[in-house]
Amino acid sequence: MTGRSAEAPSAEASERSSDPRLLLRLTVNGAEIEREVSPRLLLSDFLRHELGLTGTHVGCEQGVCGCCTVMIDGRAARSCLALAVQADGATIRTIEDVASADGTLHPIQQAFQECHGLQCGFCTPGFIMGVLSHFEEARMPDLSEDGIREMLSGNLCRCTGYQHIVAAVRRAARLMNLDGPEKG
């Protein structure tokens with residue numbers, strides 16, 4: 001240990017980088033984006049640092065925790081495992097695009113709030129994006145305890161113990177009319 005703190009490279013230093021720059025064209029949350037980026041830039045870093053979409057969290061940087069989950073062409077994906085240039089031509093959706101433009105929460109977000117499915121909130125965007133992707137892909141999601149836990153298995157939460165998250169998924173399915181005919 002030298003006692004010195006690591007500092008992020010300055011903008012001036014990154015401009016002097018010997019990395020080639022590649023043109024990246026993609027759609028993020030409905031906006032067409034065109035930027036020149038380093039071929040080594042992770043999609044999570046592109047979203048957070050280039051576009052300011054800090055709702056995409058970075059936890060483990062190994063694709064294990066799920067905090068960085070976004071939707072790429074309609075499917076949940078770990079943005080910390082993808083290079084930005086791999087998303088060229090893709091449509092990306094982040095947590096910032098889930099609520100309505102007027103601020104009305106999406107039913108999944110509403111359910112997480114109602115059921116106390118978050119505590120510190122760090123993992124919540126990844127959970128919401130994963131559940132949203134699953135609900136959009138599955139015609140009739142498996143809402144059994146095991147089915148929901150399987151749906152959530154790609155995301156880690158260190159605070160809640162998952163009971164409230166499972167309840168939130170079940171509540172979201174009800175709010176979105178995905179839980180089958182009304183039982184009376």
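Taken together, the values in this text are just the output of simple stated rules run on the coordinates, not laboratory data. Only a predicted model underlies this, so the values are computations on that prediction, with no experimental measurement involved. Quick reminder, even Gly has a Cβ in these numbers, built from the backbone with ideal geometry, and neighbours come from all protein chains shown.
Quick check on region 42-184: take the gyration tensor over C-alpha atoms, sort the square-rooted eigenvalues as a ≥ b ≥ c, and tell me if it's rounded (a/c under 1.5), prolate or oblate. Write out the running numbers ahead of the final one.
Details: a/c = 1.75, a/b = 1.59, b/c = 1.10.
Since a/c reaches 1.5 and a/b is larger than b/c, the shape of region 42-184 is classed as prolate.
Using 17 Å as the cut-off for backbone N distance, which residues of region 129-144 belong to the label zone defined by a point 7 Å from the Cα of L81 along Cα→Cβ?
Label zone hits: 129-131, 133-134.
Within the chain, which is the longest segment containing none of the trypsin sites (Lys or Arg not before Pro) that sit in a DSSP loop and have at most 15 other Cβ atoms within 10 Å? Please list the in-between numbers first.
On the way: sites that count: R4, R16, R21, R40, R139, R158, K183.
By the stated rule (loop sites, at most 15 other Cβ atoms within 10 Å), 41-138.
How far is it, in nm, from the label point at E34 to the one at D146 when both lie 7 Å from their Cα along the line to the Cβ?
Each label point lies 7 Å from its Cα, and together they span 5.2 nm.
Assign unit charges at the C-beta atoms only (+1 for Lys and Arg, -1 for Asp and Glu), then state the dipole size of the chain relative to its Cα centre in Debye, rounded to the nearest 20.
Details: 17 positive and 24 negative charges, 76 e Å.
Roughly 360 debye for the chain.
Quick check on the chain: helices-only [θ] at 222 nm, where DSSP H runs of length 4 and up contribute -39,500 (n - 2.57) each and the sum goes over total residues. Nearest 500, please.
Working: 5 runs with 48 residues, N = 184.
The helix contribution divided over the chain gives -7500 deg cm²/dmol.
Net charge around P107, counting only other residues with Cβ within less than 11 Å of its Cβ (Lys, Arg = +1; Asp, Glu = -1)? Write down the numbers at each step before the final one.
On the way: positive: R171, R174; negative: E114.
After counting each charged neighbour, the total is +1.
Determine the shape class of region 19-97: with a ≥ b ≥ c the square roots of the Cα gyration tensor eigenvalues, call it rounded for a/c under 1.5, and otherwise prolate if a/b is greater than b/c, oblate otherwise.
Details: a/c = 1.66, a/b = 1.21, b/c = 1.37.
Verdict is oblate for region 19-97.
Would you work out the charge dipole size for region 107-175 about its Cα centre, treating the Cβ of every Lys and Arg as +1 and the Cβ of every Asp and Glu as -1, and quote it to the nearest 20 debye?
180 debye
Please tell me the relative contact order of the chain in percent, rounded to the nearest whole number, where contacts are Cα pairs under 8 Å and at least six residues apart.
On the way: 296 pairs, mean separation 37.8, N = 184.
RCO, the chain: 21 percent.
Pairs of Cα atoms under 8 Å, at least six residues apart: use those to get the relative contact order of region 19-97, whole percent. If you can, show how the numbers build up before the last one.
Values: 158 pairs, mean separation 29.7, N = 79.
Answer for region 19-97 is 38 percent.
Which cross-chain or sequence-distant (5 or more) residues have an amide H under 5 Å from the amide H of A99, H modelled 1.01 Å from N in plane?
Result for A99 returns H106.
Please report how far the C-alpha centroid of region 27-64 lies from that of region 134-167, rounded to the nearest whole angstrom.
Their Cα centres are 25 Å away from one another.
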